[in-house]
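Below is one structure; the comments refer to it alone.
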Amino acid sequence: MSYKFLNIQRQGTIATLCLDRPACGNALSLALMQEIIDAVVTFKYDTLTRVVIFRGNGKHFSVGADLKDPARQEQQEDSDLLHRVHDTQLGRELIESILNINQITIAAVHGVAAGGATCIASACDFRVGSDDCIIGYPEVKLGMNLSWGSLPLCYNLVGPAVAKRMVIGGELEAATDLLHWGFLDELVSASSLEQKSLEMAEFYASRPAMAAQMIKRGLNAIQLAASAGVMHADGDQFALASLSDDYRQARAEFLAAREKK
């Protein structure tokens, strides 16, 4: 299958899924998000691939949701609240598709990973970062809650206090802090990122696939069991937040600033 905004490469039992919109920092348009979901589904019955690496082409892993995406703008202008709620489900489907992939997953993060891109990284089993990467959840600055079912993923990685700092504070955090907090598993130079992520992939690909995948599914179930009854409403919360004056003003200012660049 061919994709417009993705590049998938295979090397033996390892596949690399590369976000390929470098001109806009691999911003997550609705079309790119759907392509990621479609690509991840192709691994469902793939018994050859053992590990999938997620990375971005160009300067950044991904700057997050593409607020200039015409399809997303059309969503936000829809006055029907039910449509808005339904439209938020694509982000949750994206994250759940990555969480539920059978293979071991590794995010190789360089440059900026923001918002939805950070959600993608948190849904992977492991995260390797370049020493100059910055990662965070800036949604609050736009008057938004963190949705896509990603709040418990952040919490499970860094604990409640740091999760509050990252999500309520909304800053892009330094790589060394992210390693210290446990969000990143490995930190390497930018020039070594590809090699290190490949070495990690080869290590986990060498483990018996059936046992490794059963362990992964079990641990994911344990980690997310407590949040399953709570996080179903975060899309509804976003639909409500998008009606606020804070959101409308922050979004308009953001888009105006982007137009000047």
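Tell me, please, whether a residue that is in contact (Cβ under 8 Å) with a residue 24 or more places away in the chain, crowded, with 23+ Cβ neighbours inside 10 Å, over 14 Å from the mean Cα position of the chain (by Cα) and not in a strand (DSSP E or B) can be found in segment 53-76.
No, segment 53-76 has no match at all.
Take the residues in segment 120-168 that are acidic (Asp, Glu) and crowded, with 19+ Cβ neighbours inside 10 Å; name whichever of them is modelled with the highest pLDDT. Spell out how you get there, then give the answer.
Of all residues in segment 120-168, those acidic (Asp, Glu) come to 125, 131-132, 139.
Filter once more, so that each one left must be crowded, with 19+ Cβ neighbours inside 10 Å: 125, 139.
On the way: ASP125: 98, GLU139: 92.
The selected residue is ASP125.
Say whether the condition of being charged (D, E, K, R) and under 17 Å from the mean Cα position of the chain (by Cα) is met by at least one residue in segment 184-192.
Checked segment 184-192: at least one residue is charged (D, E, K, R) and under 17 Å from the mean Cα position of the chain (by Cα).
Please count how many residues of segment 151-185 are part of a loop (DSSP other than H, G, I, E, B) and touching a residue at least 60 places away in the same chain (Cβ under 8 Å). Outline the logic, then answer.
First, pick out the residues of segment 151-185 that are part of a loop (DSSP other than H, G, I, E, B): 159, 170-171, 182-185.
With touching a residue at least 60 places away in the same chain (Cβ under 8 Å) added as a condition, the list becomes 183-184.
Residues flagged as part of a loop (DSSP other than H, G, I, E, B) and touching a residue at least 60 places away in the same chain (Cβ under 8 Å) within segment 151-185 amount to 2.
In segment 27-39, how many are within 22 Å of ILE101 (Cα to Cα) and in contact with a strand residue (DSSP E or B) (Cβ under 8 Å, 6 or more places away or on another chain)? Reasoning before the result, please.
Keep residues of segment 27-39 that are within 22 Å of ILE101 (Cα to Cα), which gives 28-39.
Still in the list and also in contact with a strand residue (DSSP E or B) (Cβ under 8 Å, 6 or more places away or on another chain): 28, 32, 35-36, 39.
Adding up the residues that qualify gives 5.
With the structure loaded, tell me whether GLU35 is modelled with pLDDT under 95 and among the acidic types (Asp, Glu) or whether it fails that test. Outline the logic, then answer.
Values: modelled with pLDDT under 95: no; among the acidic types (Asp, Glu): yes.
Judged against the criteria, GLU35 is not a match.
The values are calculated or read from the model by the stated rules, or taken from the named source; none is laboratory data. Computed from a predicted structure; not experimentally measured. As a convention, Cβ positions derive from the backbone with ideal geometry for all residues, glycine included, and neighbour counts pool all protein chains shown.
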